[in-house]
Each structure stands twice: as structure tokens, then as C-alpha cells.
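Before any comments, here is the structure.
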Amino acid sequence: MDNDKPLKAHASILMAEICWGLMSPAGKDAMSHGIDGIGLVSLRVAGAALLFWTASLFTRHEHIPVRDVFKLCGAALLGLVFNQCMFTIGLSITSPVNASIVTTSLPIFAMVLSFFILREPLSAKKVGGVLIGCCGAVILILSSAVAANAKVGDIRGDLLCMMAQLSFALFLALFSNLVRRYSVITVNKWMFTWGTLLIIPAASPHLATLPWAQLTLRTWADSFFVVFFGTFMSYLLMMNAQKVLRPTVVSVYNYVQPIVAVTVSVLTGMAVFTVSQGVAIILVFSGVWLVIKSKSRRDAEKEAAPKA
């Protein structure tokens, strides 16, 4: 049975990335047919909170100190509120192709923040990876700035999606130790609860004006996919894989997301794929690969330690 764990972990992270890859075109389609970014992110956060609390009823109860419950509020602010609001609103403006390409920049942001916050060492590979990845991001943003067609991209949406990755990278750097103390269900139910409490009151005036009764079955189906598969299931699958696979292996699977999003978006006519986007993908992927291949502080300390 133990031999099946790596296989199941690989299958879990693959399915999670496929769900995230499909979420971009599904979310874009929903926001093209009656719902907007604020409405979709509100459904996503509140719906996931309800699902995680329901799931917690069927799992072992885990005690969490009140101080950590409040610390998870800060985690929710960076990992959910800022991240999902900026990404979803950015997706409503730019193309799903650009939004998915930008998501691959997360390891680069995480590396830079780890250097400043966690004192992770810098290496030539890491610096080179950041520079190459930045070149790809600049090409993507510049191509959006001159694009006459929203299917190619929009610089405002690209920048919002990029800021969403920065927010999540900051969440990883500041709260990774806190999150590892508790189970996946416990962490997510409290983070999504805080996310709901922070987003819904502020968005209520806007949500009251949305034509909920006029939303089509197609819009509700797209929204359901974003909430259930793109949020609830993908978070469970990803964190399940993290228990078995090394972070570097998990990060490599991040490449699946834009491949799925680009393929579906182009085939359905929601976006077009340009040469500049292809160059940006190659540069960003190469930069991320270099960052992932670089040694962490823990690896460097292990190598420096005297052998017994």
C-alpha cells in the first residue's frame, strides 16, 4: 500500500493543476455571461468555506488555539482575499491565456521573498532564473499594452494577476510554518471563513446590484466548477500531494496549468495565441526551472554539515 503513495500523490497534483488550468477559461466564460469579478470571487470564497466546514464534519476534530485562529486571519488576507480578488478581477479584464502564464511566476516571487524574509541564499541560478522570468513577464505585459484585441490580453489584468501571485508568495513566506501545524481541512476551513468575513461585508453593496435571478444555467455551471473543482477539490488534492512529494516536484507540475488553459481557451475561441506569448512562456518556464533547481538553505546546510 505504501508503494501506491507516490503514484497517488502524482495523480493528485496532476488533477489539481488540471482543475486550476480549466478554472481560467471557466471563470472567464462565467464573467462574460452575467457575473463579474467581485461576484465570482465572493461565490468562490463563501462556497469553499461552506464545503470545507461540511467536510470537517466527517473528519477528526482538531483543536486549534484561539491565537492561531486569529493568525490565520492574516494568512487568509494574503492567501485568499488579496490573491483571489486580484486574480479573478484581473482574469475578467485580460485573456485566460495571459492569466495562466502569469501564474507560473509564483516560484520566482517566492524565491525573492524567501531571500528577504527567510534568509534563503541567492545563487547564480536563482538570480539568472529571476532575470529570465522577468524578461518573459515584461514581453507578456508589453504585448498586452499594444494589443487591440482583449483576446490577446490587457495590461491591467496582467498586472493584477501578477500582484495576485506576489500576494500568495508573501503568504507562503510568512505563514508556511503555521499552516503545516494543522490538517488540510482545519487550515482551509478557517482561512476561507476569514476570507468570507473579510470579503462579503465589503462586497455586499455591489453584490446586491447583481442580476442573480437572470444568470443563465451556463453561468451557474461555470461558477460551480470554479468553486468546487477550481477551489475546494484542487486545494485538497494539492495539499495531499505536498505530504508525499518534494516541493520541487510539486512546483514542476505548475507547468500543466497554462498548457491546459491555453489549449482550452484557444480551442473555444476565448483567446488567441501569439508568437510573443509563446516566447513569454518559454522565458518564464526557463526562469522558474532555474529557480526550482537551485539549492535551498536547508540543502546547503546539509552539504556543509560534517559527515558522521
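Please give the peptides 173-186, 7-20, 224-237 ranked by average Cβ packing (other Cβ atoms within 10 Å per residue), highest first, as a rough proxy for protection.
Working: 173-186: 16.1, 7-20: 19.1, 224-237: 21.0.
Most protected by this proxy first, the peptides run 224-237, 7-20, 173-186.
Could you pull the Cα extents of segment 24-123 along its three principal axes, largest to smallest, in whole Å?
For segment 24-123, the Cα spread along each principal axis is 46, 43, 20 Å.
Of Lys126/Lys189; Lys5/Lys189; Lys125/Lys189; Lys71/Lys125; Lys5/Lys28, which ones are farther than 32 Å apart at the Cα? Please list the in-between numbers first.
Details: Lys126/Lys189 35 Å; Lys5/Lys189 25 Å; Lys125/Lys189 38 Å; Lys71/Lys125 34 Å; Lys5/Lys28 35 Å.
Listed pairs above 32 Å: Lys126/Lys189; Lys125/Lys189; Lys71/Lys125; Lys5/Lys28.
Provide Rg and Dmax in Å for segment 166-217, with only Cα atoms included in the calculation.
Cα only, segment 166-217: 15.9, 44 Å (Rg, Dmax).
Find the accessible area per residue for segment 1-49; the probe is 1.4 Å, ligands and nucleic acids are left out, and the unit is Å².
That works out to 39 Å² per residue.
Could you give each residue of segment 178-183 its phi-based ³J(HN,Hα) in whole Hz, using Karplus coefficients 6.51, -1.76, 1.60 with θ = phi - 60°, and x for Gly or Pro?
Once θ is set to phi - 60°, the couplings for segment 178-183 become 5, 5, 6, 6, 10, 6 Hz.
The values are calculated or read from the model by the stated rules, or taken from the named source; none is laboratory data. Predicted model, so just to flag it, every value in this text is computed and none were measured. Don't worry about glycine lacking a Cβ; one is built from the backbone with ideal geometry, like all the others, and counts go over all protein chains shown. These accessible areas exclude ligands, DNA and RNA; they are computed on the full protein's heavy atoms, side chains included. Shrake-Rupley method; radii C 1.70, N 1.55, O 1.52, S 1.80 Å.
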